[in-house]
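The values are calculated or read from the model by the stated rules, or taken from the named source; none is laboratory data. The structure presented is a predicted model; accordingly, all values stated were derived computationally and were not measured. For accessibility, only protein heavy atoms count, side chains too; no ligands or nucleic acids. Shrake-Rupley method; radii C 1.70, N 1.55, O 1.52, S 1.80 Å.
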Amino acid sequence: MANIVLDAGTTWSKIIEKTSSNLMKEFSQYLLKTENGLNYYVLPSSSLKNINFKFDKATGHMSLSMLNDKKDYENEVIALIQGFRKQIEEDSIILDMGSRDSKWATFKDGKFKDLDWNNNCSSSTGATIEMLLKFYNVDVKELKVSDEKYVITCGIFGLEKIMDDIAKGSDANSAISKFIHGIAFNAWNFAKKPSKIYLSGGFCENECFVQSLAKYCEVIPMGRFLLCEGLL
C-alpha cells in the first residue's frame with residue numbers, strides 16, 4: 001500500500017497519508033480526520049508548491065511533478081472508478097463534481113459500462129461558487145434550496161444572471177441558490193437523468209447543491225476522497 005497519495009485539483013487538493021509516514025506533519029492545519037490508520041487532508045492546491053517531498057501515487061491537475069515516478073500517475077476517471085468500486089458493488093452511477101469539470105461512470109452486471117467527462121460547459125462551477133460566496137460574503141451553510149433555477153450552460157455564463165438579479169434587488173443568497181440549482185439540474189442531465197446518483201467531490205459538502213440535485217433523483221454523497229481511495 002502506498003504511504004501517501006494525492007488528488008491534485010485546480011483549487012483544492014486531497015491527500016491520504018498512512019499515519020506512520022508522518023510526511024505531512026508541517027501541514028497539520030489541513031488535517032480533516034484520522035481513520036483506520038490514515039490521515040485525510042484537504043488543502044489549497046497553491047500549498048503544494050511548499051511540499052518538499054514526492055508522492056507515491058497521484059492523479060489530477062498538476063500532479064505529475066509531485067510524483068517519485070511519473071509511471072505512478074493515474075487517470076482521474078480510473079482513480080474515481082477504482083475508489084468507488086472499493087465501496088459500492090451495485091449497478092449504479094458515480095458522478096464527480098469538481099471546481100473545473102465533472103465526470104461520471106456507470107456499471108452494469110458488476111462491470112464498468114460507460115463514462116463521460118466534461119471540462120467545457122461544467123468548467124469553473126465549483127470555483128465560481130466559491131468566488132461568489134466570498135465576493136458577496138455569503139456562508140454556504142446559510143443557502144436555502146430554491147424552487148427556481150437559472151438556465152445556464154456553465155459557471156461563467158451564470159455570473160451574468162446572478163449580477164443582473166442582484167442589481168434588480170434580489171438578495172445574494174437567493175441568486176446564488178438559483179445558480180446552484182441550475183448547476184445541479186445540468187449535472188443530472190449530463191449524467192443522463194438517472195434515478196439515483198452517488199456523488200463525489202467538494203459538492204458533497206454543499207447542502208444546497210445536494211438538496212437541489214435531490215429534486216431530480218436520489219443522492220448519496222461519497223465525500224471528497226474517492227479518487228485518493230482509488231490510488232491506495
Roughly how many whole Å is it from the C-alpha centroid of the range 185-231 to that of the range 148-173? 22 Å
Using alpha-carbon pairs under 8 Å, 6+ residues apart, how would you state the relative contact order of the chain in percent? 20 percent
Would you mind getting the accessible area per residue of the chain, heavy atoms of the protein chains only, 1.4 Å probe, in Å²? 49 Å²
Whole-percent carbon and sulfur share, accessible surface of the range 4-125, 1.4 Å: 47 percent
Report, by chain and number, residues whose modeled amide H sits under 5 Å from the one on V219, excluding near sequence neighbours (fewer than 5 apart, same chain). I197
How tilted is helix 76-85 with respect to the longest principal axis of the chain? Cα atoms for both, answer in degrees (0 to 90, nearest 10). 80 degrees
Over all directions, the average projected area of the alpha-carbon convex hull for the chain comes to how many nm²? 12.7 nm²
Near K18, which lysines are there with a Cα under 26 Å away, not counting those fewer than 8 places off in the same chain? K33, K49, K54, K57, K70, K71, K86
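Looking at the chain only, what percent of DSSP beta bridges run antiparallel? Nearest 5 please.
Once the DSSP bridges in the chain are tallied, antiparallel ones form about 70 percent.
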Using a cut-off of 29 Å between alpha-carbon atoms, which lysines can reach K149, once sequence neighbours fewer than 8 places away in the same chain are excluded? K103, K134, K141, K161, K168, K178, K192, K193, K196, K215
Expected vector for the range 26-41, Karplus 3J(HN,Hα) from phi with 6.51, -1.76, 1.60 and θ = phi - 60°, integer Hz, x for Gly and Pro, equals 6, 10, 4, 5, 9, 5, 8, 6, 10, 8, 6, x, 10, 9, 10, 10
